[in-house]
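Notes follow the structure.
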Amino acid sequence: MSKPKLLVVSPPDHYLLRNLDAIRNEAEIHIGNSMSDFQPFAANADIILYSGVASGMHTVGELWAKTPKVRWIHSLSAGVEKVLSPELTESDVPLTNARGVFKRPLAEFALLGMLYFYKRVPLMRANQKARQWAPFSVDWLRGKIMGIVGYGEIGRECAILAKAAGVTIYATRRNHHKSENDPILDRAFPLSELNTMLEQVDVVVTAAALTPETRHIISNAQFAVMKPSAIVINVGRGPLIDEAALVQALQSKKIGGAALDVFEVEPLPEDSPLWDMENVLVSPHCTDRTSDPDWLDLSMELFVENFRLFVDGKELKNIVDKRAGY
């Protein structure tokens with residue numbers, strides 16, 4: 001049996017490629033960062049690995065059109081909006097992703113976001129900088145209600161950490177009945193009752209995949225029903241939240257604060273009002289970029305595991321529902 005022909009969309013000098021050493025004797029590997037790099041190999045390729053890291057190719061659509069023999073595509077990211085195309089969606093070619101690989105550090109950021117505001121860290125730091133001894137009251141996590149929008153791998157991990165701190169967990173998901181017997185979840189809401197959930201919670205965590213249905217799932221109507229003290233935390237995709245509506249809600253004190261790891265435009269523009277807001281914590285989309293073990297090494301380990309399953313003709317892990325978008 002001939003070796004599978006693997007096209008790796010990545011800068012050719014990126015450190016993540018060191019993980020390919022594990023399969024170099026098992027695959028014919030071609031690495032590139034543009035369509036021209038793959039032109040001689042595309043027609044006979046079996047697998048596409050899309051790194052999404054500083055790539056000269058922002059989508060896989062053009063490459064997909066030139067690879068009629070491809071039998072599997074893998075994304076090193078959990079989000080697959082830059083991989084999916086109408087043609088790929090309609091095809092029988094499986095798409096897999098990094099779902100679940102980064103869930104713990106993202107959940108830790110969600111916990112940090114809660115603590116940042118409830119323990120009044122900005123005031124603590126300001127007093128420290130001013131060398132001012134001025135005791136103040138802080139709030140409990142215990143008894144708060146977290147409402148999770150998108151109860152998948154990341155959302156549930158957020159719930160696990162928050163539950164351990166005494167937080168009550170609500171969540172909404174497309175198939176909410178799947179979570180009815182979840183011991184972590186106190187109440188599941190269908191998407192049609194999103195606003196009903198938002199009216200009741202103290203913390204809103206957006207952790208859904210980005211699809212046409214979830215784009216701006218949190219906008220003016222949702223901010224209007226939230227508590228004035230509500231904290232919004234985004235560990236999913238930037239466009240889940242209507243950023244203009246978020247800025248307005250923060251400026252007008254419709255909500256209490258926001259901890260954001262992702263944004264509609266990245267890098268966050270220098271003129272964004274979010275930079276200067278005292279009630280906002282900005283993370284430059286790096287919450288999941290762990291160093292030990294390295295985040296991309298972890299994602300590549302999953303790909304290598306899936307590669308071996310592919311070669312053995314076994315079922316792949318993390319198969320994406322291409323029509324649903326995650």
* To do: Working carefully through the options Val121, Val149, find the one that is in contact with a Gly (Cβ under 8 Å, 6 or more places away or on another chain) and surrounded by 13 or more Cβ atoms within 10 Å (Cβ to Cβ).
  => Val149
* Does at least one position in region 272-279 carry a residue that is outside the structural domain of Glu108 (by TED's automatic domain parsing), surrounded by fewer than 13 Cβ atoms within 10 Å (Cβ to Cβ), free of Cβ contacts under 8 Å to residues at least 40 places away in the same chain and over 19 Å from Ala107 (Cβ atoms)? -> no
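Considering each of Val101, Val93 in turn, give the residue that is over 18 Å from Ile31 (Cα atoms), hydrophobic (A, V, I, L, M, F, W, C), surrounded by 16 or more Cβ atoms within 10 Å (Cβ to Cβ) and over 22 Å from the mean Cα position of the chain (by Cα). Let's see the steps before the verdict.
Working: Val101 fails: over 22 Å from the mean Cα position of the chain (by Cα).
One residue alone meets the criteria, Val93.
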* Structure fact -> The one condition Leu309 fails out of (1) out of contact with any Leu (no Cβ under 7 Å at 6 or more places or on another chain); (2) without any contact (Cβ under 8 Å) to a residue 60 or more places away in the chain is (1)
* Counting only residues that are out of contact with any Cys (no Cβ under 7 Å at 6 or more places or on another chain) and either closer than 30 Å to Leu316 by Cα or not aliphatic (A, V, I, L, M) (or both), how many does region 99-143 have? -> 31
* Asked: Which is crowded, with 18+ Cβ neighbours inside 10 Å, under 30 Å from the mean Cα position of the chain (by Cα) and in a helix (DSSP H, G or I), of Leu6, Leu20?
  -> Leu20
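Quick one: is Phe307 assigned by TED's automatic domain parsing to the domain that holds Ser77 and either more than 14 Å from Val101 (Cα to Cα) or in a loop (DSSP other than H, G, I, E, B) (or both)?
Working: assigned by TED's automatic domain parsing to the domain that holds Ser77: yes; either more than 14 Å from Val101 (Cα to Cα) or in a loop (DSSP other than H, G, I, E, B) (or both): yes.
In short, yes.
Can we say Ser283 is of a type outside the set (Phe, Trp, Tyr) and touching a strand residue (DSSP E or B) at 6+ places or on another chain (Cβ under 8 Å)?
So Ser283 fits the description; yes.
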* Inter-residue pairs, beta-carbon under 7 Å, first outside any helix (DSSP H, G or I) and in region 116-144, second of a type in the set (Lys, Arg), 6+ apart -> Phe136/Arg120; Val138/Lys119; Val138/Arg120
* Asked: In this structure, is Leu84 touching a residue at least 60 places away in the same chain (Cβ under 8 Å), under 23 Å from Gly238 (Cβ atoms) and assigned to a helix (DSSP H, G or I)?
  -> no
* To do: Would you check which residues across region 92-110 are of a type outside the set (Asp, Glu), assigned to a loop (DSSP other than H, G, I, E, B) and without any contact (Cβ under 8 Å) to a residue 60 or more places away in the chain and list them?
  => Val93
* Would you tally the residues in region 252-270 being in contact (Cβ under 8 Å) with a residue 24 or more places away in the chain, over 17 Å from Met146 (Cα atoms) and not basic (Lys, Arg)? => 6
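The values are calculated or read from the model by the stated rules, or taken from the named source; none is laboratory data. Remember, predicted model here, so these are calculated numbers, not experimental data. With ideal geometry, Cβ positions are generated from the backbone for all residues, glycine too; neighbour counts draw on all protein chains shown.
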